[in-house]
Amino acid sequence: MEGVTMVHGPKGFMCILHVMRFKWDEDGKPKAGIGSTDAEALRAWPGMLYDNSRDYIMWGFAASEKWLPKDVTQLRGARIQQLVTEKTASWHPDYRRIFSLGDPDSSFPLVIRTSEPIDPWKPSSVTLIGDAIHTMTPGRGVGANTALRDARLLTRKLAAASRGELSLLDAVGGYESTMTSYAWDAVIKSRAQMDGHSVMHKGDLLGTLARTGMRTAMRTMNHLPPVKRKMVLAESSFRGAGREDED
Ligand SMILES: Cc1cc2nc3c(=O)[nH]c(=O)nc-3n(C[C@H](O)[C@H](O)[C@H](O)COP(=O)(O)OP(=O)(O)OC[C@H]3O[C@@H](n4cnc5c(N)ncnc54)[C@H](O)[C@@H]3O)c2cc1C
């Protein structure tokens, strides 16, 4: 019930659970022990229900398409929940209960796609940031982080251009060459981590061995605080943290 949990099951079936806890109770009233500011906000807007800010659990189930019905993208609501319950028949009943407790209207199918690196292009007065240029699989959880990194970098370049330190085209070109250097890296690594054709998604002995190795490595890291910290730092760096000197 704390933060994010990843489940790596047989055949590469994966589940992610996010537990979100907010300051309001299920009636939209501030929970005990929080400061007056939120209470004042609620008083100022009577009837405001903070519908999207109540405690909730968000779950996602992912599998290679070869293990899913051909019409999976046509399925909606309760049928999706039923499919996930069927696919996780051997999982712990508590997890499976979470799947069935959700509001069926909140379940939907999503095809995971990726962009591919492209050759450099001539800068112009039009440029792109975020998924518009580098859609990636959620394998490394860095798509939005990379979009924000783009925004920061482009803002700095445009600000420098407005101060007369470089031309507009040099600002855009500088942004694009730096952006593509980290974005294509993220696209390629995100794809490798969520590739439905990889050994992780095999149903044979090789797949079982690969998943056992990965689980053992993750469990070991979880029990070794210095290694865990190192991994967190490496992940943060990959997400663009501490890259103040990028421009
Ligand atoms: C399952 C999943 C899990 C993810 N997990 C993570 C994670 O843990 N960490 C992370 O960093 N990233 C994650 N991502 C990636 C992240 O969601 C995206 O990289 C991020 O949302 C991209 O932001 P964006 O603003 O570039 O594009 P978008 O969020 O797609 O925003 C584009 C907006 O433009 C709107 N739009 C489109 N066409 C038009 C039009 N013609 N007129 C007006 N509006 C239009 C769209 O409706 C949309 O609101 C995940 C993605 C998925 C699918």
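The values are calculated or read from the model by the stated rules, or taken from the named source; none is laboratory data. Keep in mind that what you see is a predicted model, and the values were worked out from it rather than measured. Glycine also receives a Cβ, built like all others from the backbone with ideal geometry; neighbour counts cover every protein chain displayed.
Give me the pairs: first residue in the range 113-141 and on the phi < 0 side of the Ramachandran plot, second residue more than 16 Å from the ligand (Cβ to nearest atom) and among the hydrophobic types (A, V, I, L, M, F, W, C), beta-carbon distance under 6 Å, and six or more apart or on different chains, which are they?
Here the result reads Pro123/Leu169; Pro123/Val172; Thr127/Val172, each pair linking the range 113-141 to a residue that is more than 16 Å from the ligand (Cβ to nearest atom) and among the hydrophobic types (A, V, I, L, M, F, W, C).
Scan Lys157, Lys189 and give me the residue that is away from the ligand (no atom under 16 Å from the Cβ) and either part of a helix (DSSP H, G or I) or crowded, with 20+ Cβ neighbours inside 10 Å (or both).
Working: Lys189 fails: away from the ligand (no atom under 16 Å from the Cβ).
So the residue among Lys157, Lys189 that is away from the ligand (no atom under 16 Å from the Cβ) and either part of a helix (DSSP H, G or I) or crowded, with 20+ Cβ neighbours inside 10 Å (or both) is Lys157.
If Phe108 passes every condition in (1) part of a loop (DSSP other than H, G, I, E, B); (2) within 15 Å of the ligand (Cβ to nearest atom); (3) within 28 Å of Ala171 (Cα to Cα) but one, which one does it miss?
Phe108 satisfies all of (1) part of a loop (DSSP other than H, G, I, E, B); (2) within 15 Å of the ligand (Cβ to nearest atom); (3) within 28 Å of Ala171 (Cα to Cα) except (3).
Based on what the data block shows, is Gly196 in the same structural domain as Ile129 (by TED's automatic domain parsing), touching a Ser or Thr at 6+ places or on another chain (Cβ under 8 Å) and either assigned to a loop (DSSP other than H, G, I, E, B) or surrounded by fewer than 16 Cβ atoms within 10 Å (Cβ to Cβ) (or both)? So that I can check it myself, show each step before the final result.
Values: in the same structural domain as Ile129 (by TED's automatic domain parsing): yes; touching a Ser or Thr at 6+ places or on another chain (Cβ under 8 Å): yes; either assigned to a loop (DSSP other than H, G, I, E, B) or surrounded by fewer than 16 Cβ atoms within 10 Å (Cβ to Cβ) (or both): yes.
Here the answer is yes, as Gly196 does meet what is asked.
Which condition number in (1) more than 16 Å from the ligand (Cβ to nearest atom); (2) charged (D, E, K, R); (3) within 24 Å of the chain's Cα centre (by Cα); (4) modelled with pLDDT of 90 or more is the one that Arg113 fails?
For Arg113, the failing item is (1).
What are the residues in the range 142-169 that are more than 18 Å from Ala241 (Cβ to Cβ), of a type outside the set (A, V, I, L, M) and touching a residue at least 12 places away in the same chain (Cβ under 8 Å), if any?
Within the range 142-169, just Lys157 meets the criteria.
Residues to consider are Val126, Val172; find the one that is more than 30 Å from His197 (Cβ to Cβ), within 16 Å of the ligand (Cβ to nearest atom) and more than 25 Å from the chain's Cα centre (by Cα). Steps first, answer last, please.
Values: Val172 fails: within 16 Å of the ligand (Cβ to nearest atom).
The unique qualifying residue is Val126.
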